[in-house]
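Notes to accompany the following structure.
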Amino acid sequence: GKISDFQHIYCLFCRTGAEYRICEDIRKKFPDVYPLAAMQEKHRIVNKHDEIDRRVFLPGYLFLYSKYVVDFDSLLRIDDVYRVLGDENTEHELQNSDRSFAEWLLRNNGLIGISRITNRNNKLTIKSGPMKYFAKKLADSQIVFIPGGFSGGDEPDGSGKFITAFFR
């Protein structure tokens, strides 16, 4: 699905390990709802062959995309669905940065990619993944604004060292 296909986006809290089954149950019982688990690909070498292992990246959470308002009473009757997440005002639809993340996840088919980076002679080269996109955006920028508060006050120089190492 495309983002423009869905006006309503929700997040479900469910039993860890049951995400695939719950997605299938939702697809069967709610044809107008598109459920999606955030997935991560991990690359590993086995017997000199590159294998890709796909895993749930956010265990116990599913994102729901719908053209219509979802009937939560029926949805909560699905085995191992605990609740629909919402804010303190009992608003169930995702808002602001939560919604932006869910939209990004849908654009990427639920896949949170990893970046492949090589290190030769202390020179890092980004080969693929989200960091390559970020590096391009950064190279095209004239200014970068970084808000404070990264260290939580426990090591004032720690976050600065991390940030400068990242930009190198």
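Structural remarks
- Subset of segment 30-76 (residues that are touching a helix residue (DSSP H, G or I) at 6+ places or on another chain (Cβ under 8 Å) and farther than 24 Å from Glu91 by Cβ): Val56, Pro59
- Gly152 at pLDDT below 65, over 23 Å from the mean Cα position of the chain (by Cα), farther than 26 Å from Lys42 by Cβ and exposed (fewer than 13 other Cβ atoms within 10 Å of the Cβ): yes
- Screening Ile26, Ile9, Ile45, Ile22 for residues that are at pLDDT 90 or above and either of a type outside the set (Val, Ile, Thr) or more than 19 Å from the chain's Cα centre (by Cα) (or both) leaves exactly one candidate, Ile26.
- Check on Glu93, among the acidic types (Asp, Glu) and closer than 16 Å to Leu111 by Cβ: no
- Just one residue in the set Glu103, Glu41 is within 26 Å of Ala135 (Cα to Cα), touching a Gly at 6+ places or on another chain (Cβ under 8 Å) and touching a residue at least 12 places away in the same chain (Cβ under 8 Å); that residue is Glu41.
- Segment 10-38: number of residues that are open to solvent by less than 40 Å² (accessible area, probe 1.4 Å) and either under 15 Å from Tyr82 (Cα atoms) or free of Cβ contacts under 8 Å to residues at least 60 places away in the same chain (or both): 13
The values are calculated or read from the model by the stated rules, or taken from the named source; none is laboratory data. Bear in mind that the values here come from a model prediction, so they are computed numbers and not experimental data. Note that we place each Cβ from the backbone using ideal geometry, even for glycine, and neighbour counts take in every protein chain shown. Please note that ligands, DNA and RNA were not included when accessible areas were found on the heavy atoms of the full protein model with its side chains. Shrake-Rupley method; radii C 1.70, N 1.55, O 1.52, S 1.80 Å.
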